[in-house]
């Protein structure tokens, strides 16, 4: 079955909804908020998303282990029409399908985690106040000091799901969301950071707890991505009730001569 572009959100939601935790980011990108920045491709039941809303386009392609060969087949056929340079977030083993068309530079192993133990979350006292667009300069200053190079879409402040902890008139900790979709019942926590001078006091955990509280019952699945070797972050999320549910790799893809 050949690869084809898919423009029907209902079809995509049905396919991705088979595993909403694995595909939380993609489900969230079906919302009007992100949809204009997306291109979708199908081969049978496998789906790949090319997101254009970042400095470099980002390819997202995930599958449970038994379906990896089918997903790799999709990417192998898709490779000739992808951009010459892009980021890719891929399930383990899928990257081999792109190796002939691209130089594949690994940017590290990552985990997908999901909130599975709300009792642990309830044991953490939340802290912080909601942030909005007026807080953008302070937020950029914090990210420059604590999380340089992170991917942050300022429009997400409009969701009301960013929380900041202030001290001495300055923002010292923040947690927010990359995705929040009541329509598709998924959220992805992200952009969590603490100023280096304020670390070790539980501020990031308190801010994440506050964000999860603000999600309330608007979603069924709360997820996040974390670098596998970021031991401190993994321990923090486990303390909050998140568990590892899938692995994936991040890659920088640069086309070889076409």
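Structure notes:
- Every test in (1) within 22 Å of the chain's Cα centre (by Cα); (2) in contact (Cβ under 8 Å) with a residue 24 or more places away in the chain is passed by residue 144 save one, and that test is (2).
- Yes/no for residue 135 being surrounded by 13 or more Cβ atoms within 10 Å (Cβ to Cβ) and under 28 Å from residue 107 (Cα atoms): no
- Pairs linking a residue in region 1-17 that is more than 14 Å from residue 46 (Cβ to Cβ) to a residue that is at pLDDT 95 or above and assigned to a helix (DSSP H, G or I), with Cβ atoms under 9 Å and 6 or more positions apart or on different chains, are 9/35; 13/27; 17/27.
- Filtered residues of region 162-183 (kept if outside any strand (DSSP E or B) and either crowded, with 24+ Cβ neighbours inside 10 Å or modelled with pLDDT under 95 (or both)): 162, 168, 169
- Residue in region 56-67 that is under 21 Å from residue 104 (Cβ atoms) and out of contact with any strand residue (DSSP E or B) (no Cβ under 7 Å at 6 or more places or on another chain) present: yes
- Looking only at region 94-115, and only at residues there that are closer than 25 Å to residue 231 by Cβ and surrounded by 14 or more Cβ atoms within 10 Å (Cβ to Cβ), the one that is nearest to the chain's Cα centre (by Cα): 112
- Across region 217-237, the qualifying residues are those that are in contact (Cβ under 8 Å) with a residue 12 or more places away in the chain and part of a helix (DSSP H, G or I), and the one among them that is surrounded by the most Cβ atoms within 10 Å (Cβ to Cβ) is 237.
- Residues (touching a residue at least 40 places away in the same chain (Cβ under 8 Å), surrounded by 21 or more Cβ atoms within 10 Å (Cβ to Cβ) and closer than 17 Å to residue 90 by Cα) located in region 29-43: 29
The values are calculated or read from the model by the stated rules, or taken from the named source; none is laboratory data. All figures in this text were calculated on a predicted structure; none of them were measured in a lab. Quick reminder, even Gly has a Cβ in these numbers, built from the backbone with ideal geometry, and neighbours come from all protein chains shown.
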